[in-house]
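Worksheet for the structure shown next.
Values quoted throughout were computed directly from the atomic coordinates according to the rules given, and no laboratory measurement underlies them. Just so it is clear, the model here is predicted, and its values are computed rather than measured. Cβ placement follows ideal geometry from the backbone for every residue including glycine, while neighbour counts extend to all protein chains displayed.
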């Protein structure tokens with residue numbers, strides 16, 4: 001990969017929670033422009049911690065985080081990063097805090113210094129693009145789980161990020177909302193990393209899969225190779241296969 005095309009790079013990053021073993025242990029990772037990557041791993045393996053390190057929500061104990069070729073070290077650095085790298089939290093309630101949908105979506109543009117009229121225009125355009133017309137005056141906390149997830153995605157996409165990080169974006173969602181998110185992601189021409197346990201979802205939205213193991217990120221293969229996984233049946237879990245004929249090019 002051409003170094004000029006690398007948008008995020010972590011080099012020898014380590015992190016431990018207090019009184020715990022290392023969660024990230026000499027972790028190396030990079031993603032280039034336009035790459036769409038999936039990240040899998042067991043619960044507690046460090047996937048969310050990895051995303052939080054990139055966003056500056058946690059500080060690495062050692063190693064280097066580079067965003068667009070620049071080493072990011074201070075909170076001021078990370079504030080600049082958050083203007084270009086969007087993060088969708090696993091729990092939408094962690095992302096939505098304003099009384100109405102419009103206020104939530106407009107918060108980011110206003111925080112960047114946009115005038116209220118421009119922030120409103122940007123927000124309405126984003127809601128329309130996500131087929132959320134008429135949601136602007138909805139009370140945020142009264143939305144369904146799927147609606148909250150879509151609005152949370154709108155609060156990030158309104159900022160027109162260069163890179164998107166998504167932490168379990170479809171967990172607990174119904175099939176229709178799941179498909180809407182797949183369609184939205186496939187329409188984007190930016191880089192993104194998706195943390196998910198749902199192999200079907202990753203096969204339909206990413207190009208390559210990585211796995212978190214032993215505090216490191218290891219290449220796991222092309223997403224199109226995800227032909228088998230565990231699926232819950234009434235009598236437990238059994239392995240089965242899919243052809244993924246509907247996978248995008």
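Here are the numbers for this structure:
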{"quantity": "Test: residue in region 14-27 that is assigned to a helix (DSSP H, G or I) and surrounded by 15 or more Cβ atoms within 10 Å (Cβ to Cβ)", "calculated": "no"}
{"quantity": "Complete set of residues in region 123-139 that are at negative phi, exposed (fewer than 14 other Cβ atoms within 10 Å of the Cβ) and part of a loop (DSSP other than H, G, I, E, B)", "calculated": "133, 137"}
{"quantity": "Complete set of residues in region 30-40 that are surrounded by fewer than 20 Cβ atoms within 10 Å (Cβ to Cβ) and closer than 14 Å to residue 219 by Cβ", "calculated": "30, 32"}
{"quantity": "Selected residue (criterion: surrounded by the fewest Cβ atoms within 10 Å (Cβ to Cβ)) from residues of region 176-216 that are assigned to a strand (DSSP E or B) and over 13 Å from the mean Cα position of the chain (by Cα)", "calculated": "213"}
{"quantity": "Which listed residue, of 109, 116, is free of Cβ contacts under 8 Å to residues at least 24 places away in the same chain and either closer than 22 Å to residue 79 by Cα or within 21 Å of the chain's Cα centre (by Cα) (or both)", "calculated": "116"}
{"quantity": "Residue within region 49-59 that is in contact with a strand residue (DSSP E or B) (Cβ under 7 Å, 6 or more places away or on another chain), part of a loop (DSSP other than H, G, I, E, B) and touching a residue at least 60 places away in the same chain (Cβ under 8 Å) present", "calculated": "no"}
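Residue-wise test of (1) touching a helix residue (DSSP H, G or I) at 6+ places or on another chain (Cβ under 7 Å); (2) within 21 Å of residue 168 (Cα to Cα).
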site	(1), (2)
20	no, no
49	no, yes
59	no, no
82	yes, yes
101	yes, no
